[in-house]
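Heads up, the thing below is written out as structure tokens.
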Amino acid sequence: MPKLVSWCTLVFFQLLAMVPRATGAVQLEGELTCGSIVSGDTTGREDVAGGSAPDHFWSFTATKNGTFTFDSCGSSYDTHVNIFSALAGGGLGQLISDCDDCGPCGMSAVLTTHLAAGEYIIGFEGYGISSGAYQLQTFCPALLQAEGRVHCSQTISGDTTGAQNSVGIGSSPDHHWLFKAAGTGAYTFSTCGSSFDTVIHVFTNDGNWIGTEIDSCDDCGPCGSSAVLVIPRLVEGDYVVVVDGFDGQRGKYNLTITCPSLEAWGVDGPPLQCNIPRTGSTADGASSHVGMMAPDHHFLFEAVTGGVYTVNTCGSSYDTFVHIYSTGPNTTIGAIVATCDDCGPCGSRTVLRTALDPGTYVIVVDGFVASKGAYHVVVSCPMENSTAGAFVPEGLLSCGQPVSGDTQRSASLFGGDAPDHHYIFSAPVSGTYVFSSCGSSFDTWLHVFASSESENITDVTVTSTFQVASCDDCGDCGASAVLSVVLIPGTYVVVVDGWGLAAGGYHLNTTCPSVNALGMQASELQCGESYSGNTSVADSLALNSTSSLSLVGSPAPDHAFMFHAAVDGWYVFDTCTSSFDTVLGVYATLGSTGGTAQIGRMVG
């Protein structure tokens, strides 16, 4: 028991000894600056702070946040470096960092630490009561001079001969490489096969500067003096990888980065397929691997041909964020190919369009910040036989107005090899639309594409790679398709296609959202009467309960009223004296009267 008391007493006094004892300004030997090399001798000087050895003090100003190194290699005795915050008037503040016997120079301390921008006092002393001659070199965050960018599973080569020394210990020249960690996980940085004793450092990327050192190693791994640095959990972000040398060495090197595999992240189902919806929920206890803090789900996807692909999460219950990554050997996560949040026509439900080369990709369904919930994702792919450009449609589709035709003598522009017919359709309001080919004589396949509008119906350009929806054998009509899709106001191309080589006579009927979908105000407008209201408290007239899109016009909330025109003629709807910039729209109704009538085209 006495031994335990004695040991605790020694530790107690050692901790007390590290507290600054000077109450006023300390005597400064001078100022340290970035790259400076100073020398001195503490023999015969007073012990002011730290341990019992005599001290020298130097002022230092960190002009920016970053990693700083104070190197006493070459000193004649066992050195100890302390860093204090500087008080007004030159006094010692809080002890920020210290070290003894740290670094590659034995008993000569090499202290590397992160400092915030500010004023400091560097205390230099010896271990125990040691004193003597010393030298002290100061290294500041280095200016980033990148050789280029390195990606996962890529091996790059270089030669540090003739380069500058900017980081690390000693005089070895170094090369800087930019690297983006696509997701959080284990990363390996290898210089196996290099011609000299390499040292690897990984720093944060601080714009034009090398930031804080995350990790470094020398002679680590299975390749002898070639470093193999493994960081078990590197957070997603931008980094600088520095290939350095030990003790002045330089030469030719190889650098390979191995990134986390999809196996480590986990897949959340079979690979995604073109035009086949997938549902799931990130609120099922999933982890966050990419993006912000939100949990995410991951899927493999094979792009068979090059072209523009669309990843559509319309209909999801939360604010989705979509990322696409390339893959490397053994499905390691590669570089980020595309990412977006709140893009597309569905408000906070992401619709990501991007060009992809043929290959295997990882599609990640993520959430904005910490959002999570049920999602609906479908990938629309470029069609091998489609040709974006001008074509002649069969005519216009209208709500509630069936059309008929026969595809047997037509060309195949979309889908498979079957001939097809095309119609222009203008969605007057946001809502659910149903396109039905019930009663057709063959196995029909329906597609809906976004299109560019044209005043001339005989010259319409279809964006064939932006497929909004597609289905075959859907609905309750057997081989006849019944396609239900949420659309926002705009112009679309509806394609009647056939499965395989199927062709023949078809019927196509279009059902539009009902008047009830607009959330009618209780009062029906009457000629000569005035009405008032406040759209700032309007219910969300949107594609889903949390979207900011309204059902008609711009994203502003709207109020809707029924109105019956008793006779033909001119009618005036006047919003003078309203408190905001108002927009009025008048839509025809189709079918029965009242709330079950369909919304027709805009008439004014």
Assuming 0.36 nm per residue, please report the length gained on full extension of the stretch T535 to Q401 beyond their Cα-Cα distance. 44.9 nm
Leaving ligands, DNA and RNA out of it, report the carbon-plus-sulfur percent of the accessible area of the stretch 36-142 at a 1.4 Å probe. 51 percent
Residues in the stretch 260-294 near a label at A374, defined as backbone nitrogen under 14 Å from the 7 Å Cα→Cβ point? 278-284
Aspartates and glutamates whose Cα lies under 14 Å from that of K64, excluding same-chain neighbours fewer than 8 positions away: E119, D206
Separation in nanometres of the label points that stand 7 Å from Cα toward Cβ, at K64 and S52: 4.4 nm
Potential extension, E119-L501 segment - 0.36 nm per residue separation minus Cα distance: 129.7 nm
Using alpha carbon centers only, the stretch 185-226 is separated from the stretch 127-182 by a whole-angstrom value of 9 Å
Sites K252 and N330, calculated FRET efficiency, Cβ-Cβ separation with R0 25 Å, nearest 0.05: 0.35
Which length gain, in nm to one decimal place, applies between E147 and T161 when the Cα-Cα distance is subtracted from 0.36 nm times their residue separation? 3.7 nm
Quick check for you: which residues of the stretch 180-194 have the amide N under 14 Å from the point 7 Å beyond the Cα of S287 toward its beta carbon? 183-187
1/(1 + (r/R0)^6) with r = Cβ-Cβ of S579 and T188, R0 = 45 Å, i.e. FRET efficiency to nearest 0.05, evaluates to 0.10
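Of the heavy-atom accessible surface of the stretch 197-302 (probe 1.4 angstrom), what whole percent is carbon and sulfur?
52 percent
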Just the number please: accessible area per residue for the stretch 58-132, 1.4 Å probe, all protein chains included, in Å². 37 Å²
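The values are calculated or read from the model by the stated rules, or taken from the named source; none is laboratory data. What you see is a predicted model; the values in this text were computed from it and never measured. Don't worry about glycine lacking a Cβ; one is built from the backbone with ideal geometry, like all the others, and counts go over all protein chains shown. What goes into the accessible areas is simple: the full protein's heavy atoms, side chains included, and nothing from ligands, DNA or RNA. Shrake-Rupley method; radii C 1.70, N 1.55, O 1.52, S 1.80 Å.
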